[in-house]
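Worksheet: the structure to be examined is printed underneath.
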Amino acid sequence: MNRKKANILILYSYSESYEKERPHEMAAEIEVEEVAHGIGEALMNIGFTVDMVHILTSHNIKDAVVKFRPELVFNLCEALNGVASGETLAAQTLEDMDMKYTGSGPSTLKVALDKGETKELLLSKGIPSPPFKVLQEGDGFEIGLGFPVIVKPLNEDGSIGISRESVVNDEVTLERRIKYIHNLYNQPAIIESYIDGREFNVGILGNPGDEVVLPLAEMDFSDFPDEIVQICTYKAKWFKDCAEYKGSVPICPAIILPEVEEKIKKVALDAYRTLGVRGYGRIDIRLGADGLPYVIDVNPNPSISRESGLVRASSAAGFTYERLISKIVECTFEK
């Protein structure tokens with residue numbers, strides 16, 4: 001097979017349920033379609049033949065594969081009809097059909113979607129991550145952690161469920177925030193010790209044993225509103241006109257001492273390998289007052305829009321957008 005002439009099918013998810021239940025969180029959903037078209041254009045520029053389908057269910061995936069008979073699927077399914085666990089089901093469906101597809105496999109996606117399971121795995125391998133507690137509805141509100149803490153939905157990504165109210169400093173506010181997560185997102189809440197320190201995004205390309213760690217990006221919160229704790233909220237990530245977005249500017253490459261940079265990169269690469277991330281991914285890290293890089297998120301399916309952090313980091317490493325997309329495709333053929 002001539003890989004440069006291969007037929008690639010881009011699959012991306014679209015959710016009707018977000019429009020009905022959580023319309024304020026449609027920004028991330030809308031971006032997926034824009035990313036799909038951008039990747040399609042890049043692939044055609046490289047020389048691939050491209051088809052594109054948006055899907056709601058695993059049956060849509062099967063139908064699309066049967067119809068277009070691709071040699072490779074560019075998998076942009078971040079959910080199925082608004083259900084985050086559909087990300088895992090989409091990869092499993094492609095796996096069961098013996099398709100080559102971009103990104104990580106279902107077992108990696110499943111672990112990464114559960115923030116508690118991710119942290120347990122990291123800590124078991126000696127990789128620093130903030131102390132935490134997972135609370136189901138009805139568990140009570142004892143967490144055994146000192147304040148401040150940050151409260152998040154256990155099974156979301158894209159900063160969904162993270163706002164200026166997520167960092168809490170007392171028991172009353174903690175209880176209120178946990179109830180909010182349980183009621184709105186219908187899932188457990190994860191409570192983590194809040195690490196007050198510099199935040200870095202670490203983009204990584206490649207399959208296990210052949211990874212490239214991209215230049216670090218640091219979130220510059222110096223213009224963040226004074227009354228808000230410096231975290232990457234949903235608004236900071238998606239709403240370009242708000243103060244949180246304007247006040248959290250990524251600097252890439254980060255200005256950092258070489259020895260600290262190497263320490264962060266090592267921890268990030270260890271996390272990437274521990275979860276079995278393939279092709280591409282992003283590790284988010286906070287540098288603690290004790291000098292340790294703490295992993296706060298492992299994202300095996302980060303955005304690869306032209307404005308995304310991963311693309312910014314790859315550009316700093318000398319990659320054009322087409323070269324990045326080509327690299328991801330190469331990793332897929334090789335795995």
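The values are calculated or read from the model by the stated rules, or taken from the named source; none is laboratory data. Keep in mind it's a predicted model, so treat the numbers as computed, not measured. As a convention, Cβ positions derive from the backbone with ideal geometry for all residues, glycine included, and neighbour counts pool all protein chains shown.
Can you tell me which residue within the range 117-134, out of those that are surrounded by fewer than 18 Cβ atoms within 10 Å (Cβ to Cβ) and in a helix (DSSP H, G or I), is nearest to the chain's Cα centre (by Cα)?
Glu117
Answer yes or no: is there a residue in the range 101-112 that is of a type in the set (D, E, K, R) and within 30 Å of Tyr194 (Cβ to Cβ).
Our first condition is that a residue be of a type in the set (D, E, K, R); within the range 101-112, this holds for 110.
Checking which are within 30 Å of Tyr194 (Cβ to Cβ) leaves us with 110.
Scanning the range 101-112, I find at least one residue that is of a type in the set (D, E, K, R) and within 30 Å of Tyr194 (Cβ to Cβ), so the answer is yes.
Assuming Ala289 fulfils every condition listed in (1) buried (at least 17 other Cβ atoms within 10 Å of the Cβ); (2) under 21 Å from Glu192 (Cα atoms) apart from one, which condition is it?
(1)
Please tell me if Leu56 is assigned by TED's automatic domain parsing to the domain that holds Ile8, surrounded by 17 or more Cβ atoms within 10 Å (Cβ to Cβ) and either closer than 30 Å to Lys179 by Cα or touching a Cys at 6+ places or on another chain (Cβ under 6 Å) (or both). Step through it out loud before you land on a result.
Numbers: assigned by TED's automatic domain parsing to the domain that holds Ile8: yes; surrounded by 17 or more Cβ atoms within 10 Å (Cβ to Cβ): yes; either closer than 30 Å to Lys179 by Cα or touching a Cys at 6+ places or on another chain (Cβ under 6 Å) (or both): yes.
For Leu56, the condition - assigned by TED's automatic domain parsing to the domain that holds Ile8, surrounded by 17 or more Cβ atoms within 10 Å (Cβ to Cβ) and either closer than 30 Å to Lys179 by Cα or touching a Cys at 6+ places or on another chain (Cβ under 6 Å) (or both) - is met.
Given the structure, is Asp284 under 14 Å from the mean Cα position of the chain (by Cα) and of a type in the set (D, E, K, R)? Can you show your working first?
Details: under 14 Å from the mean Cα position of the chain (by Cα): yes; of a type in the set (D, E, K, R): yes.
It is true that Asp284 is under 14 Å from the mean Cα position of the chain (by Cα) and of a type in the set (D, E, K, R).
Can you tell me which residue within the range 74-97, out of those that are part of a helix (DSSP H, G or I) and small (Gly, Ala, Ser), is modelled with the lowest pLDDT? Steps first, answer last, please.
We begin by selecting, within the range 74-97, every residue part of a helix (DSSP H, G or I); these are 86-96.
Restricting the remaining residues to those that are small (Gly, Ala, Ser) gives 86, 90-91.
Working: Gly86: 83, Ala90: 92, Ala91: 95.
Filtering the range 74-97 for residues that are part of a helix (DSSP H, G or I) and small (Gly, Ala, Ser), the one modelled with the lowest pLDDT comes out as Gly86.
Quick one: how many residues across the range 98-109 are surrounded by 18 or more Cβ atoms within 10 Å (Cβ to Cβ), of a type outside the set (Val, Ile, Thr) and part of a helix (DSSP H, G or I)?
Within the range 98-109, residues that are surrounded by 18 or more Cβ atoms within 10 Å (Cβ to Cβ), of a type outside the set (Val, Ile, Thr) and part of a helix (DSSP H, G or I) number 1.
Of (1) out of contact with any Asp or Glu (no Cβ under 7 Å at 6 or more places or on another chain); (2) touching a residue at least 24 places away in the same chain (Cβ under 8 Å), Tyr272 satisfies all except one. Which?
All conditions are met except number (1).
For Pro70, all conditions in the list (1) at pLDDT below 95; (2) part of a loop (DSSP other than H, G, I, E, B) hold save one; what is the number of the exception?
It fails just one condition, (1).
From Glu137, Glu165, which residue is under 23 Å from Val83 (Cα atoms), surrounded by fewer than 20 Cβ atoms within 10 Å (Cβ to Cβ) and either without any contact (Cβ under 8 Å) to a residue 24 or more places away in the chain or not assigned by TED's automatic domain parsing to the domain that holds Ala84 (or both)?
Details: Glu165 fails: under 23 Å from Val83 (Cα atoms).
So the residue among Glu137, Glu165 that is under 23 Å from Val83 (Cα atoms), surrounded by fewer than 20 Cβ atoms within 10 Å (Cβ to Cβ) and either without any contact (Cβ under 8 Å) to a residue 24 or more places away in the chain or not assigned by TED's automatic domain parsing to the domain that holds Ala84 (or both) is Glu137.
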